[in-house]
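Just so it is clear, none of the values below were taken in a lab; they were calculated from the coordinates. None of the values given here were measured: they were computed from a predicted structure. Heads up, the Cβs are rebuilt from the backbone with ideal geometry, glycines too, and the neighbour counts pull from every protein chain shown.
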Amino acid sequence: MAPSATEDISVSDSVESPSNPFQKLVSDLSQILGPSSGLDSSDVEVQELHMLMENYASSEEDWSKYALGDFSRGYTRNLVDEGNGKSNLLILVWTPGKGSPIHDHANAHCLMKVLKGTLKETRFDFPRNNATPPQVIKETLYQQGQVTYMADELGLHKISNPDGEEAAVSLHLTREDWGLPLVVRTAANGRGVYTPPNAAKEGCHIFNEQTGKRSHVTQSNFYSRFGEKVCGA
């Protein structure tokens with residue numbers, strides 16, 4: 001007797017499963033953050049997201065398709081997932097011996113996990129005015145597998161790759177508000193200055209390390225999106 005059509009179909013086959021542990025992490029992070037019309041940011045527990053990222057055992061084979069580098073620049077920003085429309089998951093590839101300028105996070109909150117290599121974070125106080133150099137608060141070396149959190153309430157920072165020969169790779173989850181207090185800076189005229197919430201799309205402020213002068217920069221151009229290099233990047 002020939003098998004019926006229903007006997008040839010597995011229910012599990014109709015549900016797409018993550019192809020590797022990294023894709024499972026991406027899926028789990030997106031699920032916790034919820035759809036744009038679902039979970040409010042105040043419901044999102046940073047610690048839960050932190051734990052998920054920390055528990056992922058980095059394997060280059062899992063995420064290499066997203067890690068597009070360019071050693072002519074300090075680092076590249078590669079979009080992995082847009083989450084719920086209020087968050088972005090990025091992979092950054094850090095050129096040997098180079099790094100970022102001092103910057104804020106435009107009222108966004110960021111979790112960073114080192115996927116490969118070592119990264120050095122230098123944190124600074126916000127300059128009191130545009131003519132005061134930022135003062136170093138602390139320096140920290142993060143090794144592969146470690147996760148750290150950053151927001152404007154903790155100050156400014158810069159990230160660099162201290163290895164002069166090998167690239168470093170990191171995973172960054174940014175979200176505009178996790179129910180945490182946001183920093184609203186005040187302009188010279190006494191009015192509050194609103195910085196766009198999503199630094200990954202709207203940009204951020206960078207600070208001159210010698211003078212403290214602040215400049216706004218846009219970061220809307222990703223080097224790649226979903227594993228494909230952006231034309232003209």
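Couple of notes before you dig in:
- Of the trypsin sites (Lys or Arg not before Pro) found in the range 99-154, the ones in coil according to DSSP and having at most 13 other Cβ atoms within 10 Å of their Cβ are R128.
- Loop-resident chymotrypsin sites (Phe, Trp or Tyr not before Pro) (DSSP state other than H, G, I, E or B) in the range 91-149 with no more than 15 further Cβ atoms inside 10 Å of their Cβ are absent.
- If the chain linking E153 and F71 were pulled fully straight, counting 0.36 nm for each residue of separation and taking away their Cα-Cα distance, it would gain 26.3 nm.
- Nearby lysines by direct alpha-carbon distance to K116 (threshold 26 angstrom, same-chain neighbours under 8 apart not counted): K24, K65, K98, K138, K158, K201, K229
- From phi via Karplus (6.51, -1.76, 1.60), per-residue ³J(HN,Hα) for the range 61-69 in Hz, x at Gly/Pro: 4, 5, 10, 4, 4, 9, 8, 8, x
- For the range 75-83, putting each phi into the Karplus relation 6.51 cos²θ - 1.76 cosθ + 1.60 with θ = phi - 60° gives couplings of 6, 10, 10, 10, 6, 9, 7, 9, x Hz, in residue order, rounded to whole numbers and with x for Gly and Pro.
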